[in-house]
Structure formats: structure tokens, C-alpha cells
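Chemist: Take a look at this one; I'll ask things after.
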Amino acid sequence: SPYTEQFFEYCEDRATNNVYLVLSGHTHQWRVYDRDGNNDPTGYPKYIQTGKPGGPGEPAYRKFTVSSPPVDELVEFSEPDFNHVSSRLYASGALHIFDSDGNHTGYDPVNGAEMGIPDSFYFCHSVVEDENGVTVNVLPEQVLVFDPCDEYLSQVIGTDNAHYRLVLSSRTDGNEVSFDANGIATSPGAIHDYLTDWDALSRGEQGATLLIDGDGDGTYDLEIASDANLTREEYMEAHPV
């Protein structure tokens with residue numbers, strides 16, 4: 001279209017408009033190209049696409065580092081599987097993440113989404129439907145922290161009498177370790193804090209700790225140690241109703 005051509009012309013007039021990088025997502029491809037579609041160009045501007053892997057509605061990410069000045073000296077683009085930690089909450093509850101300095105990432109009822117932890121992102125729970133209104137995917141409430149350099153506490157606050165699933169994962173240099181707490185009972189105002197020792201979990205040891213404050217008064221009532229999988233049966237045995 002004529003608008004596409006005008007856009008290219010604007011981007012390539014660097015003397016006036018100073019455009020070096022053009023970023024786009026939801027394009028179903030991972031690539032760096034020029035206006036003619038040639039991959040990995042040496043000149044500028046570069047057009048950078050982020051793909052859309054996974055199931056319907058799942059977010060995709062691309063991390064890149066620009067060294068400057070000047071930008072021409074170096075532009076490095078990473079592979080999609082960069083280092084990160086992830087917390088995903090399915091079903092009932094509210095998810096909050098804290099670092100060792102008390103920085104918070106999660107949803108605050110007054111201020112909305114907060115992303116106080118450096119290099120963190122928050123995604124609310126959502127439902128993806130097809131053109132007929134049929135649910136095709138239910139996306140969890142999620143927090144991602146890129147290039148983690150701290151210990152993180154994952155917190156679930158109960159919103160009703162129900163059960164939830166919490167999946168925590170850590171990826172470092174292509175190696176991923178996960179923790180899955182499934183069928184965990186909660187109640188309004190109950191606070192469940194999760195601490196993880198990823199090295200211990202990778203060895204099959206009890207590297208996850210669940211601290212329970214059943215009435216939200218600031219005092220833990222129970223501590224549960226677990227390996228990479230905390231089942232509903234194990235939870236109920238340690239925390240009978």
C-alpha cells in the first residue's frame with residue numbers, strides 16, 4: 001500500500017528521523033530483516049519481528065541489546081529462550097512476587113498492575129475465545145522476570161474458598177527447572193508464600209517451601225517442604241481441614 005511505502009521512506013531517512021530499529025510482534029516469525037525481506041542485514045534500519053509461539057493468546061518475547069553510542073557499533077539479538085523466572089497462577093487467588101528488597105510485581109487493587117521488580121512483567125488472567133465465542137485457551141495470571149539476579153518470593157492470596165494451581169519455573173542457560181503445586185486449597189484472605197531453591201529442586205530434593213498464613217494476620221501457621229511436585233494429597237496430609 002502507499003502507506004507502507006511512506007513508512008519505509010520515513011524509517012530510511014535517518015538523517016532527519018533517526019530510525020535504527022523497527023520492532024513488531026504477533027507476526028508468527030522470529031527474524032531480523034531489511035525492507036526487501038533479506039534476513040540479517042548489515043545496514044540500518046533493521047526490522048525486528050517477534051514470533052507467536054505456544055497456544056492461542058500466549059505471549060511471546062524477544063530480548064535484544066543495543067550498544068551505543070553509536071548504535072552502528074553493535075546490535076545483538078538473543079534467542080527466544082533467554083534466562084528468566086516465571087510464576088503462573090491458575091484458577092482462584094491473586095498472584096504477587098517480591099524480591100529481596102521488597103520490590104513488588106503483581107496486581108494492586110488501587111494502583112493496578114505494578115512491575116516494581118527490575119526487568120519484570122505482569123500479565124492478568126484472561127480467556128481466549130474463537131470467533132464463535134467458544135473458549136479455546138485460559139491464560140493464567142503470570143509474572144516473568146528476565147535475567148533474574150535475586151531470590152524471589154511467590155505469594156498467592158486467597159480470594160474465595162477454592163483450589164488453585166501454581167507453576168514456578170527457572171531457566172538458566174537453556175536449563176529449566178519447574179515446581180508445580182496443584183490442587184492447593186485456599187480461602188479468602190489466606191496467604192501462601194512460596195520459596196524455591198532451584199539447585200535442590202534440580203537434584204530431586206525438597207527445594208520448595210510453602211509458608212501458610214491461614215487468616216492473613218501476618219503470622220505463619222504452617223510450613224510445608226516439597227520436591228518439584230506438591231500434590232493435593234500431600235498438601236491435605238500436611239494441612240488437614
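Chemist: When the Karplus curve 6.51 cos²θ - 1.76 cosθ + 1.60 is applied with θ = phi - 60°, which whole-Hz ³J(HN,Hα) does each residue of the range 35-50 get, with x for Gly and Pro?
Modeler: For the range 35-50, the Karplus curve yields 5, 8, x, 6, 7, 6, x, 8, x, 10, x, 9, 9, 10, 9, 10 Hz.
Chemist: Follow-up. Compute the distribution of all C-alpha to C-alpha distances in the chain, in bins of 10 Å from 0, and list the percent of pairs in each, rounded to whole numbers.
Modeler: The calculated distribution, bin by bin, is 7, 25, 29, 20, 12, 6, 1.
Chemist: Under the rule of at least 5 residues apart or a separate chain, name every residue whose amide H is placed under 5 Å from the amide H of GLY189.
Modeler: HN-HN under 5 Å from GLY189: GLY158, THR159.
Chemist: Which value, in Å², gives the accessible area per residue of the chain when a 1.4 Å probe is used on the protein heavy atoms?
Modeler: Value returned for the chain: 56 Å² of accessible area per residue.
Chemist: Hey, any idea what % of the chain's accessible area is carbon plus sulfur with a 1.4 Å probe?
Modeler: Result for the chain: 48 percent of the exposed heavy-atom area is carbon or sulfur.
Chemist: Assuming 0.36 nm per residue, please report the length gained on full extension of the stretch THR42 to THR219 beyond their Cα-Cα distance.
Modeler: 57.9 nm
Chemist: Pick out, from PRO188, LEU211, TYR152, the residue whose Cα sits farthest towards the positive end of the charge dipole of the range 101-241, with +1 on the Cβ of Lys and Arg and -1 on the Cβ of Asp and Glu.
Modeler: Among PRO188, LEU211, TYR152, the one farthest towards the positive end of the dipole of the range 101-241 is PRO188.
Chemist: A follow-up question, please. Run the quick spin-label model on ASN229 and GLU205: label points 7 Å from Cα toward the beta carbon, then report their separation in nm to one decimal.
Modeler: 2.1 nm
Chemist: Kindly identify the range 136-241 as rounded, prolate or oblate by the Cα gyration tensor criterion: order the square roots of the eigenvalues as a ≥ b ≥ c, call it rounded if a/c is under 1.5, otherwise compare a/b with b/c, prolate if a/b is larger, else oblate. Provide the component values of the computation, followed by the final result.
Modeler: Numbers: a/c = 1.64, a/b = 1.42, b/c = 1.16.
Taking the square roots of the gyration eigenvalues as a ≥ b ≥ c, the range 136-241 is prolate.
Chemist: Calculated from DSSP H runs of 4 or more alone, at -39500 (n - 2.57) each and per residue, what is the 222 nm mean residue ellipticity of the chain, nearest 500?
Modeler: Values: 4 runs with 27 residues, N = 241.
Helix-only estimate at 222 nm: -2500 deg cm²/dmol.
Chemist: Report the full-extension gain for the segment ASN111 to VAL128: residue separation times 0.36 nm, less the Cα-Cα distance, to one decimal in nm.
Modeler: Value of the extension gain: 3.6 nm.
Chemist: While we're on this one: Placing unit charges on C-beta atoms (Lys and Arg positive, Asp and Glu negative, everything else neutral), compute the dipole magnitude of the chain about its Cα centre in debye, rounded to 20.
Modeler: Computed charge dipole of the chain: roughly 660 debye.
Chemist: What nm distance separates the two modelled labels at THR172 and GLN29, each placed 7 Å from Cα along Cα→Cβ?
Modeler: In this crude spin-label approximation the distance works out to 3.7 nm.
Chemist: For GLU237 and CYS149 in the same chain, what is the full-extension length gain: residue separation times 0.36 nm, less their Cα-Cα distance, in nm?
Modeler: Going from the current span to full extension adds 28.2 nm.
Chemist: Enumerate the calculated ³J(HN,Hα) couplings along the range 190-203 in order (Karplus 6.51 cos²θ - 1.76 cosθ + 1.60, θ = phi - 60°), each rounded to whole Hz, writing x wherever the residue is Gly or Pro.
Modeler: Couplings: 5, 10, 10, 9, 10, 10, 10, 10, 5, 5, 5, 4, 5, 8 Hz.
Chemist: Whole-Hz ³J(HN,Hα) for each residue in the range 99-109, computed from phi via Karplus 6.51 cos²θ - 1.76 cosθ + 1.60 with θ = phi - 60°, x for glycine and proline: what do you get?
Modeler: Residue by residue, the range 99-109 yields 9, 5, 8, x, 5, 10, 10, x, 9, 9, x Hz.
The values are calculated or read from the model by the stated rules, or taken from the named source; none is laboratory data. As the structure is a prediction and not an experimental result, all values here were calculated from the model. Virtual Cβ from ideal backbone geometry, glycine too; neighbours counted across all protein chains shown. Side chains included, ligands, DNA and RNA excluded: accessible areas come from the protein's heavy atoms. Shrake-Rupley method; radii C 1.70, N 1.55, O 1.52, S 1.80 Å.
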